[in-house]
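This report concerns only the one structure given below.
The values are calculated or read from the model by the stated rules, or taken from the named source; none is laboratory data. Because the structure is a prediction, the values reported are computed rather than measured. Cβ placement follows ideal geometry from the backbone for every residue including glycine, while neighbour counts extend to all protein chains displayed.
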Amino acid sequence: MKPAPFQYHAPDTVEEAAEMLSSLEESKLLAGGQSLVPILSLRLTRFEHLIDLGRVSQLRGIERTNGTVTIGAMTTQAEVGASEIVARGVPLVAKATPLIGHFQIRNRGTLGGSVAHADPSAEYPAVAAALDADMVLTNSSGTRRVAAADFFQSTFMTSIQDDEILTSVEFPVWGPRSGFAAYEVARRHGDFALVGAVVGVELDGPKVGRAAIALFGVGGTPHRARAAEAALNGSAAAAVDLAEIGRLAAADLDPPGDVHASAAYRREIAGVVVQRALGSAVEEAIASA
């Protein structure tokens, strides 16, 4: 099938794009198009106007300043994965990137497009949630920041207003004695994750001083495993009970069931992926000490 007819717009600046978004009725932003274009082609939705952000150079780039790595929304996933700034500053973003689709998808897909699309099985939203990232949103009136905890609201739903553009994502940089890991279960490499986990651990002496665990594919939004994080904090890093942390992470889940996996399977696997990701993260943190 082909998309329903629409008018195509290609602004050169954020200001021009924001003005179009606020003035054109039934308009939609186009980032990498890896999700939107198939949906349009299947005629699952339609818009009168498509605003392509591909020419807006302000939305690209990666910068580290004052303990924060800022990634422009139109930076491709391939660029994120190849960035030394990302690898050193926010390793969890770098580790999650190869799990996204295939390299053809990552060559066109963007970090901002993935975050704004808010697919519950996507990696970047979970990373943003785990690291307490801030989303920078812009409209014709100005800019605001929204914490990841307030940004993701439900399946494919975020706190972005109709006239706002996600312009960048700000990730905090953790300390040097940290370890990170991303792990997921999918039917085949490149498929959407049935269940996945992203984990960060920062050491304070021989103990865990900070922990972050976020699951994806288990609900409408990324799930922070707060009980598991609390159990980790203050524990001896070399003696972490991985099975117990995995159990705690999955204990309060109410995942959906579908043709790919039952709710019971997702709940069981959630504990396993947390164990495996946490084990790798702890090993990395200890090795860096």
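Tell me which residues, restricted to segment 21-55, are surrounded by fewer than 16 Cβ atoms within 10 Å (Cβ to Cβ) and in contact with a Pro (Cβ under 6 Å, 6 or more places away or on another chain).
Correct list: SER41 only.
Have a look at GLU170, GLU164 and point out the one that is among the acidic types (Asp, Glu) and within 30 Å of LYS207 (Cβ to Cβ).
Testing whether each residue is among the acidic types (Asp, Glu) and within 30 Å of LYS207 (Cβ to Cβ) leaves just GLU170.
Could you list, in sequence order, all residues of segment 199-209 that are surrounded by 17 or more Cβ atoms within 10 Å (Cβ to Cβ) and farther than 12 Å from ALA249 by Cα?
GLY200, VAL201, GLU202, LEU203, VAL208, GLY209
Within segment 240-289, track down each residue that is assigned to a helix (DSSP H, G or I) and at pLDDT below 95.
Within segment 240-289, SER288 is the sole residue that qualifies.
Just to check your reading of the model, which residue among GLY246, GLY217 is in the same structural domain as ALA264 (by TED's automatic domain parsing), surrounded by 16 or more Cβ atoms within 10 Å (Cβ to Cβ) and on the phi < 0 side of the Ramachandran plot?
Of GLY246, GLY217, the one residue that is in the same structural domain as ALA264 (by TED's automatic domain parsing), surrounded by 16 or more Cβ atoms within 10 Å (Cβ to Cβ) and on the phi < 0 side of the Ramachandran plot is GLY246.
Going through segment 220-236 one residue at a time, which ones are of a type in the set (A, V, I, L, M, F, W, C) and surrounded by fewer than 24 Cβ atoms within 10 Å (Cβ to Cβ)?
Those that are of a type in the set (A, V, I, L, M, F, W, C) and surrounded by fewer than 24 Cβ atoms within 10 Å (Cβ to Cβ): ALA227, ALA230, ALA231, ALA236.
Scan segment 53-106 for residues that are out of contact with any Lys or Arg (no Cβ under 6 Å at 6 or more places or on another chain) and small (Gly, Ala, Ser) and jot them down.
Residues satisfying the conditions are GLY54, SER57, GLY61, GLY67, ALA73, GLY81, ALA82, SER83, ALA87, ALA94, ALA96, GLY101.
Is there a residue in segment 102-115 that is out of contact with any Gly (no Cβ under 8 Å at 6 or more places or on another chain) and farther than 20 Å from GLY32 by Cβ?
No; the residues of segment 102-115 include none that is out of contact with any Gly (no Cβ under 8 Å at 6 or more places or on another chain) and farther than 20 Å from GLY32 by Cβ.
Which one is modelled with the highest pLDDT, of the residues in segment 1-46 that are under 24 Å from the mean Cα position of the chain (by Cα) and β-branched (Val, Ile, Thr)?
Checking each candidate, the answer is VAL14.
Hey, any hits in segment 256-266 for a residue that's basic (Lys, Arg), closer than 21 Å to GLU123 by Cα and outside the structural domain of ASP119 (by TED's automatic domain parsing)? Don't jump to the end; show me each part of the working.
Step one: of segment 256-266, the residues basic (Lys, Arg) are 266.
Now restrict to residues that are closer than 21 Å to GLU123 by Cα: 266.
Going one step further and asking which of them are outside the structural domain of ASP119 (by TED's automatic domain parsing), we end up with 266.
For segment 256-266, residues basic (Lys, Arg), closer than 21 Å to GLU123 by Cα and outside the structural domain of ASP119 (by TED's automatic domain parsing): present.
Can you tell me how many residues within segment 92-124 are assigned to a helix (DSSP H, G or I), surrounded by 20 or more Cβ atoms within 10 Å (Cβ to Cβ) and touching a helix residue (DSSP H, G or I) at 6+ places or on another chain (Cβ under 6 Å)?
11
Taking the condition of being assigned to a strand (DSSP E or B) and more than 22 Å from the chain's Cα centre (by Cα), how many residues in segment 211-239 meet it?
Qualifying residue count for the region: 1.
Among the residues of segment 131-169, what is the count of those that are over 24 Å from GLY257 (Cα atoms) and either of a type outside the set (Asp, Glu) or not assigned by TED's automatic domain parsing to the domain that holds GLY101 (or both)? It would help to see each step written out before you state the result.
Initial filter on segment 131-169 (over 24 Å from GLY257 (Cα atoms)): 131-151, 159-169.
Adding the requirement that they be either of a type outside the set (Asp, Glu) or not assigned by TED's automatic domain parsing to the domain that holds GLY101 (or both) leaves 131, 133, 135-149, 151, 159-161, 165-169.
Counting residues in segment 131-169 that are over 24 Å from GLY257 (Cα atoms) and either of a type outside the set (Asp, Glu) or not assigned by TED's automatic domain parsing to the domain that holds GLY101 (or both) gives 26.
Suppose we filter SER140, SER168 for residues that are buried (at least 24 other Cβ atoms within 10 Å of the Cβ), of a type in the set (S, T, N, Q) and closer than 21 Å to LEU53 by Cα; which single one remains? Quick ask: steps written out before the conclusion?
Working: SER140 fails: buried (at least 24 other Cβ atoms within 10 Å of the Cβ).
Answer to the check: SER168.
Could you check GLN77 against (1) modelled with pLDDT of 95 or more; (2) surrounded by fewer than 17 Cβ atoms within 10 Å (Cβ to Cβ); (3) polar (S, T, N, Q); (4) touching a strand residue (DSSP E or B) at 6+ places or on another chain (Cβ under 9 Å) and say which number it fails?
(2)
Evaluate the following for GLY61: is it in contact (Cβ under 8 Å) with a residue 60 or more places away in the chain, of a type in the set (Gly, Ala, Ser) and out of contact with any helix residue (DSSP H, G or I) (no Cβ under 8 Å at 6 or more places or on another chain)?
Taking the combined requirement at face value, the residue does not satisfy it.
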